[in-house]
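One structure is given below, encoded as structure tokens.
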Amino acid sequence: LVYFRGAWCPFCQAYLQELNGEFLAKVRAAGGELIGVTSQSAEGVATLAADQRLDFRIVSEPANALAKAHRVALTPKAETPLAEVPGEYVNGMAQPAVVAFDRDGRELFHWAIDPNTMNLGGASDRPLPADIWPVLEAALSGETKALEGTTKLDPGYLAAHYPKQHAAFEAWVAASQS
């Protein structure tokens with residue numbers, strides 16, 4: 001399960017694209033499935049998969065029951081970027097996380113962001129799929145491996161690999177400073 005903030009978030013858009021290629025193929029080759037989960041309304045994400053051309057399912061879970069069960073940080077509705085939009089984040093916004101399970105429901109991997117000002121309230125600093133896969137692969141073999149890698153999906157990575165999303169981020173920053 002890959003928790004993301006919402007269809008409007010440029011970091012989420014980029015992260016979903018990162019997961020959509022080689023990582024998704026490896027998950028499926030291992031007999032798994034990738035599912036994106038957001039607490040944004042179904043209406044808010046209805047076109048996300050088509051717009052982003054994602055090859056995995058996206059589900060809306062505004063109750064946040066899964067996020068709570070999987071120890072994912074929640075931001076209260078009043079503190080979300082869509083706080084003024086009726087029907088969005090009625091129970092708060094689940095922050096980015098990646099949680100993987102084996103067929104018996106045993107947790108193989110858990111990474112969840114701790115939202116703070118250093119990571120733009122939870123938007124930035126996600127581990128890249130190339131760093132997550134070796135940990136999952138080890139867990140599937142019954143071994144333990146620490147998450148390694150210093151490259152994160154942050155503003156610099158966004159600028160280098162996803163210019164459209166970076167432009168949206170820069171516009172948001174400029175609007176919030178005026």
Carbon plus sulfur fraction of accessible area for the chain, probe 1.4 Å, in percent: 53
Vicinal HN-Hα couplings computed from phi for the range 8-15 (Karplus, 6.51 cos²θ - 1.76 cosθ + 1.60; Hz; Gly/Pro x): 7, 7, x, 5, 5, 4, 5, 5
Share antiparallel - DSSP beta bridges, the chain, percent rounded to 5: 60
Heavy-atom accessible area ranking, 1.4 Å probe, most first, across His110, His70: His110, His70
Cα-based reach from Lys26 at 19 Å (exclusive), listing aspartates and glutamates while leaving out same-chain residues under 8 positions away: Glu18, Asp55, Asp102, Glu107, Asp131, Glu137, Glu143, Glu148
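Add -39500 (n - 2.57) for each DSSP H run of 4 or more in the chain, then divide by its residues: what number comes out at 222 nm, to the nearest 500 deg cm²/dmol?
The helix contribution divided over the chain gives -9500 deg cm²/dmol.
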Rounded tilt (10° steps) of 129-140 against the dominant C-alpha axis of the chain: 40
Accessible area in square angstrom per residue, the chain, 1.4 angstrom probe: 51
Most fluctuating residue given options Ala73, Ala130, Ala94, as computed from a GNM of the chain linking Cα atoms under 10 Å: Ala130
Angle between the chain longest axis and helix 163-177 axis [Cα atoms, degrees, rounded to 10]: 40
³J(HN,Hα), Karplus 6.51/-1.76/1.60, whole Hz, each residue of the range 94-105, x for Gly, Pro: 5, 8, x, 7, 10, 10, 10, 10, 8, 5, 8, x
Cut-off 14 Å between beta-carbons: net charge of the residues surrounding Leu136, Lys and Arg +1, Asp and Glu -1: -3
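Provide the FRET efficiency to the nearest 0.05 for the Leu140-Ala174 pair, computing r from the beta carbons and using R0 = 45 Å. Could you put the intermediate results ahead of the total?
Working: r = 44 Å, r/R0 = 0.98.
That pair, Leu140 with Ala174, gives E of 0.50.
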Listed residues Pro76, Pro62, Pro155, most fluctuating in the chain (Gaussian network, C-alpha, under 10 Å): Pro76
Debye, to nearest 20: dipole size of the chain, +1 on Lys, Arg Cβ, -1 on Asp, Glu Cβ: 140
Calculated diffusion of the chain, Stokes-Einstein form, Kirkwood radius summed over Cα pairs, 37 °C and 0.692 mPa s, µm²/s: 197
Share antiparallel - DSSP beta bridges, the range 89-178, percent rounded to 5: 90
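The values are calculated or read from the model by the stated rules, or taken from the named source; none is laboratory data. A quick note: this is a predicted structure, and the numbers were derived from the prediction, not measured. No Cβ is skipped: glycine too gets one built from the backbone with ideal geometry, and neighbour counts run over all protein chains shown. SASA here: full protein model, heavy atoms, side chains in, ligands and nucleic acids out. Shrake-Rupley method; radii C 1.70, N 1.55, O 1.52, S 1.80 Å.
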